[in-house]
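Please read the structure below before turning to the comments.
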Amino acid sequence: MLMKGKKGLIVGLANNKSIAYGIAKACREQGAELAFTYLNDALKKRVEPIAKEFGSDVVLELDVSNKEHMAGIADRVEEKFGNIDFLVHSVAFAPKEALSEPFLKTSKEAFEIAMNVSVYSLIDLTNRLNPIMNKGASVLTLSYLGGPKYVPNYNVMGVAKAALEASVRYLAVDLGLEGKRVNAISAGPIKTLAAAGIGDFKQILKWNELNAPLRANVTIEQVGNSAMYLLSDLASGVTGEVHYVDNGYNIMGMGAVCKDEEGKTRLCWDIEQ
């Protein structure tokens, strides 16, 4: 098994519909031992059964915006779990109004919250956990196409994801000196708890399904398998990358589907002009 003997910390898992769940499942199936964090008591009730499902009893409280939690995270992980071989960062947040109002109206407070929780937490976590990461360790975070390109209603999260991807590149150089890797996966839209806050998300899902080269939306299992590869030794020569798992949607320069005169959805190049 590809991950046998490896131990990893999954940060940000919310429920069994989340991308982090797909990643944890793929890693566990390949033999990895896992530890998990939860944000608060409400989410603890969801995370503990999932940890048990994956054979783990290491479930630690962690709010990345809580200074005390962050200050003690490395010691708690080492005490309960030992050194780790990989870290999965699946954390992002922006105030609701920053996703519903035009980007132009983004408040300084909302901007700082989005950047601190969604971006700085990766830098801070990596820095704090680095001393207990084994040589050859791998760090993985989650991005989205709304970072490098405009996506309706993504607003300040798009700017945060752009900063996150830049952080991956800079962290990759710093950790590369120690033989450790940092990468990101840019997944296509998936119905998750986090996605619920994005306006017109159903339309985004449908558009991606119709226009991705593979004519489908991705699943957490597909993202999980790609993540497992990046976290495993198979990807020992890969760092600083943003790996797209979106059924090819990111390559599209324009929509592949249009409405014909009868209102039916067809491939644009099949419609007679």
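The values are calculated or read from the model by the stated rules, or taken from the named source; none is laboratory data. Given the structure is predicted, the values throughout are model-derived calculations rather than measurements. Cβ sites come from the backbone with ideal geometry, for glycine too, and all protein chains shown count toward neighbours.
Working only within segment 13-30, note down all residues that are outside any helix (DSSP H, G or I) and either closer than 16 Å to residue 187 by Cα or more than 19 Å from the chain's Cα centre (by Cα) (or both).
Of everything in segment 13-30, those that are outside any helix (DSSP H, G or I) and either closer than 16 Å to residue 187 by Cα or more than 19 Å from the chain's Cα centre (by Cα) (or both) turn out to be 13, 17, 18, 30.
I need the full set of residues from segment 181-232 which are of a type in the set (Lys, Arg) and in contact (Cβ under 8 Å) with a residue 12 or more places away in the chain, in order please.
181, 191, 215
Taking the conditions exactly as written (touching a strand residue (DSSP E or B) at 6+ places or on another chain (Cβ under 7 Å), under 23 Å from residue 96 (Cα atoms) and not in a loop (DSSP other than H, G, I, E, B)), does residue 226 satisfy them or not?
Spelling it out, it is not the case that residue 226 is touching a strand residue (DSSP E or B) at 6+ places or on another chain (Cβ under 7 Å), under 23 Å from residue 96 (Cα atoms) and not in a loop (DSSP other than H, G, I, E, B).
If you go through segment 77-91 one residue at a time, do you hit one that is part of a helix (DSSP H, G or I) and within 18 Å of the chain's Cα centre (by Cα)?
no
Kindly indicate whether residue 35 is surrounded by 19 or more Cβ atoms within 10 Å (Cβ to Cβ), assigned to a strand (DSSP E or B), without any contact (Cβ under 8 Å) to a residue 60 or more places away in the chain and not acidic (Asp, Glu).
yes
Determine which single condition residue 102 fails, assuming it passes every other condition in (1) within 26 Å of residue 205 (Cα to Cα); (2) modelled with pLDDT of 95 or more.
Against the list (1) within 26 Å of residue 205 (Cα to Cα); (2) modelled with pLDDT of 95 or more, residue 102 comes up short only on (2).
In segment 169-193, how many are in a loop (DSSP other than H, G, I, E, B) and polar (S, T, N, Q)?
Residues flagged as in a loop (DSSP other than H, G, I, E, B) and polar (S, T, N, Q) within segment 169-193 amount to 1.
So, of the residues in segment 81-140 that are surrounded by fewer than 22 Cβ atoms within 10 Å (Cβ to Cβ), in contact (Cβ under 8 Å) with a residue 24 or more places away in the chain and of a type in the set (Asp, Glu), which turns out to be farthest from residue 35 (Cα to Cα)?
The extreme case among them is 101.
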